Amino acid sequence: MNPWKSQPIIGQAPMDGVTDAAFRYITDLHGKPDVLFTEFVSVEGVGNGAVRLLNSFITHETNTPIIGQIYGTEPHHFYTVAIIVAELGFSGIDINMGCPDASISKRGAGAGLIRTPKLAQEIVRTVQKAQKDWSNGITVDDIALRGSIRKWVSSHKPKDNPRSLLPVSVKTRIGFDEITTSEWIPHLLEAQPAAITIHGRTLKQMYTGQANWEEIAKAAEMARTTETLILGNGDVHSRNDALNKIQEYGVNGVLIGRASFGNPWIFTGEEVSNKVRLETALEHCKAFERLTPEGHFLSLRKHLAWYCKSFRNSAHVRDQLMRVQSSADVEKILNSVISTLE
Ligand SMILES: Cc1cc2nc3c(=O)[nH]c(=O)nc-3n(C[C@H](O)[C@H](O)[C@H](O)COP(=O)(O)O)c2cc1C
């Protein structure tokens, strides 16, 4: 399943703490985006044996391509985790070069890589080499790995996983302190990633201001004579908005992030009733318990708040939902509300 094969692509953006297995499952079921991403995973963390980080790579049965996203600075750890991503059956591997979080960018990872383009290129090439080696038969048994990580991978890898060359992509921003699209994007293009997703803000902007789609269009123009696809990202608020931006800015697709909170239907453009929204909230909670039984149920409270709005008494229902510990608690609260809705 090559995620980049047919275009235009309208996919869900990777979001740490949000696009876990359960939300990806719900988005897939109700929105059918063209591509889904995991939350990002630290290659140094996994390389040093932090097995709990691999929970972000838990996934579900689907025909939608899912891309494993990773971040870090050490090429040898990228190599190791790239082999793990292939072994786990993902359809692609994405390198985060856009995270503005100080704890990540200050050590040179995420958007920090915009300041070290040679290292960024080396990382892309290392991950491409890992995919080539994996398609030629290397397995996790051939690489140095902590025992706990090896065990996790062998218990989570799919039984049937034909070897193929996974496409390597990058997700980044338009600059660090200031806009440097014209210098930064050519460095990435030299390493020939299959796709680059560009969030139209600098690191310094974090999430403030408006995403700059003119800069995204500039990058799309630079890539026109290459094999690399360009996806735009930032402030897309509906399916129609996505389609318009693809036309207007000449990109091969877009990723939608925050506008999909509590709204997996954004990818189809369907408007759903409050009743369907709340039924889906409950379905989401049950999927969480099924797919990640060891996960912290508290992480679902934000999703519940996103689903539960715009109907009479919704603030009061949200308050109640902020105390739930299980899907059974959610069911009790929502069933009484659902029966009063159309
Ligand atoms: C809560 C949250 C977590 C995020 N985590 C990631 C991540 O793990 N990897 C990544 O590449 N981008 C991450 N992002 C950035 C989004 O993928 C996206 O680039 C950004 O939200 C802009 O798109 P939007 O305006 O459609 O939300 C995150 C954003 C948010 C709001």
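Could you work out the Rg to Rh ratio of the range 1-67, with Rh taken as the Kirkwood radius (inverse of the mean 1/r over all Cα pairs)?
Value, to two decimals: 1.01.
For the chain, what is the charge dipole size about the Cα centre, in debye to the nearest 20, if Lys and Arg each add +1 at the Cβ and Asp and Glu each add -1 at the Cβ?
Charge dipole, the chain, about its Cα centre: 480 debye, nearest 20.
Considering amide H positions built from the backbone, and no H for Pro or chain starts, which residues 5 or more places from Ile256, or on another chain, come under 5 Å of its amide H?
It is Gly11, Gln12, Ala13, by chain and number.
So which GluC sites (Glu not before Pro) in the range 22-117 are both in a DSSP loop and have at most 10 other Cβ atoms within 10 Å of their Cβ?
Glu61
Looking at the range 183-278, which GluC sites (Glu not before Pro) are in a loop (DSSP not H, G, I, E or B) and have at most 14 other Cβ atoms within 10 Å?
Loop-located and lightly packed - Glu227, Glu270, Glu271.
Working from Cα positions, state the angle (0 to 90°, nearest 10) between the long axis of helix 181-190 and the longest principal axis of the chain.
Approximately 70 degrees, to the nearest 10.
Going by Cα centres, the range 147-215 and the range 54-87 are how many Å apart?
The range 147-215 and the range 54-87 have Cα centres separated by 12 Å.
Any idea of the accessible area per residue across the chain, 1.4 Å probe, to the nearest Å²?
44
With every protein chain present, what accessible area does Thr226 have (1.4 Å probe, heavy atoms only), rounded to the nearest 10 Å²?
50
Tell me the carbon and sulfur percent of the accessible area for the range 18-139, rounded to whole percent, probe radius 1.4 Å.
50
Indicate, rounded to the nearest 5 percent, the antiparallel portion of the DSSP beta bridges found entirely in the chain.
Antiparallel: roughly 5 percent of the beta bridges in the chain.
Report, for the range 132-241, the % of DSSP beta bridges that are antiparallel, rounded to 5.
Bridges in the range 132-241 are about 10 percent antiparallel.
Computed from the mean reciprocal separation of all distinct C-alpha pairs, what Kirkwood hydrodynamic radius does the chain have, in Å? Could you put the intermediate results ahead of the total?
On the way: mean 1/r = 0.0485 Å⁻¹.
Taking the inverse mean of 1/r over all distinct Cα pairs, the chain comes out at 20.6 Å.
Check Phe40: other-chain or 5+ apart residues with amide H under 5 Å from its amide H, H built from backbone geometry?
Here the answer is Asp16, since their amide H atoms fall under 5 Å of that of Phe40.
Measure nothing but the geometry: give the 0 to 90° angle between the long axis through the Cα atoms of 75-87 and the longest principal axis through the Cα atoms of the chain, rounded to 10°.
The two axes meet at around 50 degrees.
Taking the chain as the reference, fit the longest principal axis to its C-alpha atoms, fit the long axis of helix 117-135 to the helix C-alpha atoms, and give the angle between the two in degrees, 0 to 90, nearest 10.
Compared with the principal axis, the helix lies near 80 degrees.
Using the scaling law 2.2 N^0.38 Å as the reference, what is the normalised Cα Rg of the range 44-177?
1.02
Could you list, bin by bin from short to long, the percent of Cα-Cα pairs of the range 274-338 in 5 Å steps?
3, 20, 35, 26, 11, 4, 1
The values are calculated or read from the model by the stated rules, or taken from the named source; none is laboratory data. The structure displayed is predicted, hence computed values, not measured ones. Counting neighbours? That spans all protein chains shown, and the Cβs are built from the backbone with ideal geometry, glycine included. For accessibility, only protein heavy atoms count, side chains too; no ligands or nucleic acids. Shrake-Rupley method; radii C 1.70, N 1.55, O 1.52, S 1.80 Å.
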